[in-house]
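Contents: one structure, followed by commentary.
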Amino acid sequence: MIAMPARRALISGITGQDGSYLAEWLLGKGYEVHGVVRRVAIEDPEHRLTRLDPIRGQIKLHAASLESYASIHQVVAQVMPDECYHLAAQSFVSYSFDDEFSTLNANINGTHYLLAAVKNIVPGCRFYFAGSSEMFGKADEVPQNERTRFHPRSTYGISKVAGFDLTRNYREAYGMHASSGILFNHESPRRGFEFVTRKITAGVARIAADKSKELRLGNLDAKRDWGHAREYVQAMWLMLQQAEPDDYVIATGATHTVREFAELAFAHAGLDYRDYVAPDPDLFRPAEVNILQGDASKARKKLGWEHRIGFETLVREMVEADCRALGVEPRARASAG
Ligand code: NAP
Ligand code: GDD
């Protein structure tokens with residue numbers, strides 16, 4: 001019997017939280033996994049490729065820039081992927097207020113370049129676009145589903161709406177198997193330190209290790225629908241296994257405030273968040289989104305996807321990972337306190 005060649009997947013943003021989990025998931029499924037990275041990552045692997053440490057020997061990395069069509073074209077032509085997952089983006093909403101122009105340039109043009117390269121070189125390749133609940137922004141209904149009107153409240157959100165529309169247009173105009181996931185917030189011990197969940201769990205660990213005395217936070221009343229990244233990347237893959245391309249909301253359906261996250265995270269280390277969290281008006285955003293709460297019933301029905309990891313388990317996993325990294329045992333501290 002002749003063995004089937006492995007399916008080839010190309011991931012942009014492979015060095016990020018989601019890229020690293022997705023690469024592991026695809027390797028587990030027998031894919032040949034390729035990643036697009038910035039040149040600096042290849043030159044400085046110790047700092048920039050840490051999330052990929054466990055699988056470095058099993059993936060192939062290609063240097064390219066989201067700003068350059070020529071470089072993207074070259075990688076797609078080299079890899080000739082069967083599936084392309086476009087995760088690379090300036091993904092920090094706060095920063096998009098400071099640098100609107102580079103957020104729009106990288107996120108909109110980068111998506112357009114990758115879609116165009118795939119269409120020109122491997123039109124049969126299945127394409128995933130990393131859309132976001134930030135596209136709903138000032139949503140006029142709760143919970144939000146695939147039919148909820150978009151009203152983005154940051155250039156980040158605007159760039160994701162543009163990427164979503166580009167992806168839909170390539171599907172409709174050129175018949176590409178191009179799908180968008182409208183993913184609500186998802187976190188993990190691999191989350192970047194600038195996002196509020198990781199900022200809190202890393203802050204808890206530093207306080208528990210007596211390396212810090214306070215944690216400055218912005219809007220504690222903001223609400224998010226937080227899930228676990230490890231489960232959310234499986235939904236991306238499922239979307240590309242469907243006979244027809246489509247768009248799907250991926251969410252837990254439950255929301256919590258930043259305050260609740262902080263309360264639980266500190267409590268897990270035997271600490272009271274009110275003793276350590278200091279409000280910082282500079283960390284409030286010029287425009288906030290409304291309550292983000294997703295209705296993932298379409299994904300449940302059509303993809304058979306559903307989240308299993310709940311809010312408390314997520315917070316605990318993140319606190320424990322950050323505490324361990326600093327040599328503190330969160331549970332021991334909780335029982336001593
Ligand atoms: P992340 O950890 O911030 O990773 C972003 C990735 O994009 C990194 O690999 C980064 O590379 C790469 N990147 C950024 N700017 C680039 C540029 N100009 N050229 C090339 N690569 C660039 O983000 P994530 O949480 O994994 O999210 C993955 C995607 O899903 C993003 O598009 C994000 O906007 C979207 N999303 C995330 C969530 C969430 O809650 N996590 C929810 C909805 C949508 P470097 O390592 O070189 O910086
Ligand atoms: N980052 C941060 N830092 N956020 C804070 C802080 C703080 O000190 N204090 C309060 N917040 C509030 C923010 O105002 C926001 O309402 C909420 O915490 C979550 O902020 P982030 O963790 O930065 O995430 P985000 O919701 O803005 O964006 C993330 O989720 C999107 C999906 O909805 C990112 O992963 C985006 O890339 C993603 O699209």
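Laboratory data are not the source of any read-out in this text; all were calculated from the coordinates shown. Only a predicted model underlies this, so the values are computations on that prediction, with no experimental measurement involved. Neighbour counts are summed over all protein chains in view; Cβ atoms, including those assigned to glycine, are modelled from backbone coordinates with ideal geometry.
Miscellaneous remarks
- Using distinct alpha-carbon pairs, which all enter the 1/r mean, Kirkwood radius of the stretch 207-260 in Å: 14.5
- Considering only alpha-carbon pairs that sit under 8 angstrom and 6 or more positions apart, the relative contact order computed for the chain is 17 percent.
- Separation of alpha-carbon centers, the stretch 3-41 and the stretch 52-87, rounded to whole Å: 8
- Extending 7 Å from the Cα toward the beta-carbon at both S102 and A209 defines two label points whose distance is 2.8 nm.
- With the simple spin-label model, which puts each label point 7 Å out from Cα in the Cβ direction, the E312 to E260 separation comes to 1.3 nm.
- Rounded to the nearest whole angstrom, the semi-axes of the ellipsoid equivalent to the stretch 103-222, taken from the Cα gyration tensor as √(5λ), stand at 35, 18, 12, largest first.
- Likely footprinting exposure, M135, M176, M80, fewest C-beta neighbours within 10 Å first: M80, M176, M135
- For S212, S159, S154, order by how many other beta-carbon atoms lie within 10 Å, fewest first: S212, S154, S159
- When V277, V37, V142 are sorted by how many other C-beta atoms sit within 10 angstrom of their C-beta, beginning with the fewest, the order is V142, V277, V37.
- Our summary of shape: the Cα atoms of the stretch 1-151 have principal axis extents of 56, 37, 31 Å, ordered from largest down, in whole angstrom.
- Cα shape, the chain, gyration tensor, a/c 1.5 rule: prolate
- Shape category assigned to the stretch 220-337 from the gyration tensor of Cα positions, a/c cut at 1.5: oblate
- The chain - charge dipole about Cα centre, Lys and Arg +1 at Cβ, Asp and Glu -1, debye rounded to 20: 580
- Extension reserve of the I55-E172 stretch, reckoned as 0.36 nm per residue once the Cα distance is removed: 38.5 nm
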